[in-house]
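**Q** Structure provided below as structure tokens; questions to follow.
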Amino acid sequence: MTLGGMITAAFSGKISALVGRRQTMWISDVCCIFGWLAVAYAHDILLLNIGRLFLGFGVGLISYVVPVYIAEITPKTFRGGFSYSNQLLQCLGISLMFFIGIFFHWRTLALLSAIPSASQVICLFFIPESPRWLAMYGRDQELEVTLKRLRGENSGILEEAAEIRETVEISRKESRSGIRDLFHIGNAHSLIIGLGLMLLQQFCGSAAISAYAARIFDKAGFPSDVGTTILAVILIPQSIVVMLTVDRWGRRPLLMISSIGMCICSFLIGLSYYLQKHGEFQKLCSVMLIVGLVGYVSSFGIGLGGLPWVIMSEVFPLNVKITAGSLVTMSNWFFNWIIIYSFNFMIQWSASGTYFIFCGVSLVTIVFIWTLVPETKGRTLEEIQASLVRLS
């Protein structure tokens, strides 16, 4: 699945630019439907892996195009909350699978998992294309119709439409969206933010800790099925709170709170393993493990879980958004694979040392956000991108 995600992530920006945001989501849905059906009806390991590969194809596409689409259709005053709704719905899906997974066989679960993708195939007929994508192809009349549909028939959309056209035209004159343009000095700040957040999101250990949460609960003597269900349930109200506050508090404060929480909780988990190894405070160690794990997952969901995708959709100008989006999404999948693959080796080397490393990376993340990541709330995409070019 990770391989499939990396492959389509590399081309996600190009595909969404060529065929549009809606059509890209259609392609993703078809890949996911085929993948789930292949998993559900697999009679050997080959078909099972083919299904997982196609699921990776679908998720690799949609992990890029959904944040971009939401950012491009939403007014600046609500963009953060709407963008974070993507994270909320992911948490709802994960929680739902944890609950119904108790009652159904995994093949039935695979069939049930195909239903959302099939539903979206139908629903996509009723949503508009991205106004900025329409502007890129000179479809001005459709651009205005789409903005009226999104903002309301009585809304004044002429100024917004003119601003979108102007930005697209400037981007077209300045560059022809290639890999060289991405590494132009004017895009350096945006690129550092996008790649840096994705790298730190994964190198903080988020994927590994989530994947091996059951093992950590077992180590603490706590029922793993109950523990993982608690984690899934916690994410839902937490995501709702973030969705409602991200446009009031801003991206930076939430990212800072998230990183500080992950730093403290990684240290707690590492300390508990260290004390266990030396045979000290055994009961306290179990409590520290559970508190550290629940606190880590909660802290991750507050900011670093979803906000890097929100910021990625905001900081890149249109002329490099295709290449940049593909590079950042592919990098996220690649960093994810590195951490999950190396985690077992790291744990064998030193369980406490592994979590102390994650604690150190979280500390670096705090410094990175404080010094380099700008606040983007309440600003149009054009204003954000213009300010970053000046800073570069």
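**Q** Looking at segment 139-169 only, could you name the residues that are among the β-branched types (V, I, T) and open to solvent by less than 60 Å² (accessible area, probe 1.4 Å)? It would help to see each step written out before you state the result.
**A** Of the residues in segment 139-169, the ones among the β-branched types (V, I, T) are 145-146, 157, 164, 167-168.
Residues satisfying the conditions are T146, I157, I164, T167, V168.
**Q** Also: Against the definition (under 30 Å from L48 (Cβ atoms), open to solvent by less than 50 Å² (accessible area, probe 1.4 Å), free of Cβ contacts under 8 Å to residues at least 60 places away in the same chain and out of contact with any strand residue (DSSP E or B) (no Cβ under 9 Å at 6 or more places or on another chain)), how does L96 come out, yes or no? If you could, list the steps in order and put the result at the bottom.
**A** Working: under 30 Å from L48 (Cβ atoms): yes; open to solvent by less than 50 Å² (accessible area, probe 1.4 Å): no; free of Cβ contacts under 8 Å to residues at least 60 places away in the same chain: yes; out of contact with any strand residue (DSSP E or B) (no Cβ under 9 Å at 6 or more places or on another chain): yes.
So L96 fails the test.
**Q** Does L275 satisfy the criteria of being touching a helix residue (DSSP H, G or I) at 6+ places or on another chain (Cβ under 8 Å) and surrounded by fewer than 18 Cβ atoms within 10 Å (Cβ to Cβ)? Write out each step before concluding.
**A** On the way: touching a helix residue (DSSP H, G or I) at 6+ places or on another chain (Cβ under 8 Å): yes; surrounded by fewer than 18 Cβ atoms within 10 Å (Cβ to Cβ): yes.
Against the criterion (touching a helix residue (DSSP H, G or I) at 6+ places or on another chain (Cβ under 8 Å) and surrounded by fewer than 18 Cβ atoms within 10 Å (Cβ to Cβ)), L275 qualifies.
**Q** Could you say which residue among S117, S85 is among the small types (G, A, S), out of contact with any Cys (no Cβ under 9 Å at 6 or more places or on another chain) and within 26 Å of S313 (Cα to Cα)? Quick ask: steps written out before the conclusion?
**A** Values: S117 fails: out of contact with any Cys (no Cβ under 9 Å at 6 or more places or on another chain).
Every option except S85 fails the conditions.
**Q** Can you name every residue in segment 328-345 that is within 14 Å of the chain's Cα centre (by Cα), among the aliphatic types (A, V, I, L, M) and open to solvent by 30 Å² or more (accessible area, probe 1.4 Å)? So that I can check it myself, show each step before the final result.
**A** Within segment 328-345, the first condition is being within 14 Å of the chain's Cα centre (by Cα), and the residues that meet it are 328-336.
The next check asks that each one be among the aliphatic types (A, V, I, L, M); those that pass are 328, 330.
Residue satisfying the conditions is M330 alone.
**Q** If you don't mind, there's one more thing I want to ask. Go through segment 36-66 and count every residue that is open to solvent by 10 Å² or more (accessible area, probe 1.4 Å), in contact (Cβ under 8 Å) with a residue 60 or more places away in the chain and assigned to a helix (DSSP H, G or I).
**A** Looking only at that region, the number is 4.
**Q** Any chance you could count how many residues in segment 11-20 are under 21 Å from S331 (Cα atoms) and open to solvent by less than 10 Å² (accessible area, probe 1.4 Å)? So that I can check it myself, show each step before the final result.
**A** Keep residues of segment 11-20 that are under 21 Å from S331 (Cα atoms), which gives 11-17.
The next check asks that each one be open to solvent by less than 10 Å² (accessible area, probe 1.4 Å); those that pass are 12-13, 16-17.
Within segment 11-20, residues that are under 21 Å from S331 (Cα atoms) and open to solvent by less than 10 Å² (accessible area, probe 1.4 Å) number 4.
**Q** Now, a different point. What number of residues in segment 102-138 are free of Cβ contacts under 8 Å to residues at least 24 places away in the same chain, within 20 Å of P75 (Cα to Cα) and either open to solvent by 60 Å² or more (accessible area, probe 1.4 Å) or among the hydroxyl-bearing types (S, T, Y) (or both)?
**A** Here the count works out to 1.
**Q** Of the numbered conditions (1) at pLDDT 80 or above; (2) crowded, with 18+ Cβ neighbours inside 10 Å, F217 fails exactly one; give the number of that condition.
**A** (1) is the only condition that F217 fails.
**Q** Still on this structure, please answer the following. Please tell me if A71 is buried (at least 22 other Cβ atoms within 10 Å of the Cβ), touching a residue at least 60 places away in the same chain (Cβ under 8 Å), in a helix (DSSP H, G or I) and on the phi < 0 side of the Ramachandran plot.
**A** Spelling it out, A71 is indeed buried (at least 22 other Cβ atoms within 10 Å of the Cβ), touching a residue at least 60 places away in the same chain (Cβ under 8 Å), in a helix (DSSP H, G or I) and on the phi < 0 side of the Ramachandran plot.
**Q** Residue by residue through segment 233-258, note down the ones that are closer than 23 Å to G93 by Cα and surrounded by fewer than 19 Cβ atoms within 10 Å (Cβ to Cβ).
**A** Result: V233, I234, I236, P237, I240, V241, L244, T245.
**Q** Of the conditions (1) in contact (Cβ under 8 Å) with a residue 24 or more places away in the chain; (2) open to solvent by 30 Å² or more (accessible area, probe 1.4 Å), G306 fails just one. Which one is it?
**A** Every listed condition holds for G306 apart from (2).
**Q** Continuing with the same structure: Output the number of the condition that T77 fails; it satisfies all remaining conditions of (1) out of contact with any Gly (no Cβ under 8 Å at 6 or more places or on another chain); (2) outside any helix (DSSP H, G or I); (3) of a type outside the set (A, V, I, L, M, F, W, C).
**A** The number of the failed condition is (1).
**Q** Can you name every residue in segment 41-74 that is more than 20 Å from L124 (Cα to Cα) and out of contact with any Gly (no Cβ under 9 Å at 6 or more places or on another chain)? Full working, then the answer.
**A** Start the filter on segment 41-74 by keeping residues that are more than 20 Å from L124 (Cα to Cα), which leaves 41-54, 56.
The answer is H43, D44, I45, L46, L47, L48, N49.
**Q** Considering only residues that are within 20 Å of K219 (Cα to Cα) and aromatic (F, W, Y), look in segment 346-392 and name the one that is most open to solvent (accessible area, probe 1.4 Å).
**A** Per the criteria, the residue is W349.
Yes/no per residue for (1) out of contact with any Leu (no Cβ under 7 Å at 6 or more places or on another chain); (2) open to solvent by 50 Å² or more (accessible area, probe 1.4 Å):
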residue: G194; (1), (2): yes, no
residue: L200; (1), (2): yes, no
residue: V226; (1), (2): yes, yes
residue: L231; (1), (2): yes, no
residue: I260; (1), (2): yes, yes
residue: F267; (1), (2): yes, yes
residue: F281; (1), (2): no, yes
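**Q** Any residue at all in segment 21-35 that's in contact (Cβ under 8 Å) with a residue 60 or more places away in the chain, out of contact with any helix residue (DSSP H, G or I) (no Cβ under 7 Å at 6 or more places or on another chain), part of a helix (DSSP H, G or I) and surrounded by fewer than 23 Cβ atoms within 10 Å (Cβ to Cβ)?
**A** yes
**Q** Picking from S313, S286, S350, which residue would you name as being of a type in the set (G, A, S) and under 22 Å from the mean Cα position of the chain (by Cα)? Spell out how you get there, then give the answer.
**A** On the way: S286 fails: under 22 Å from the mean Cα position of the chain (by Cα); S350 fails: under 22 Å from the mean Cα position of the chain (by Cα).
One residue alone meets the criteria, S313.
The values are calculated or read from the model by the stated rules, or taken from the named source; none is laboratory data. Predicted, not measured: the structure shown is a model, and the values here were computed from it. Note that we place each Cβ from the backbone using ideal geometry, even for glycine, and neighbour counts take in every protein chain shown. Heavy atoms of the whole protein, side chains included, go into the accessibility calculation; ligands, DNA and RNA do not. Shrake-Rupley method; radii C 1.70, N 1.55, O 1.52, S 1.80 Å.
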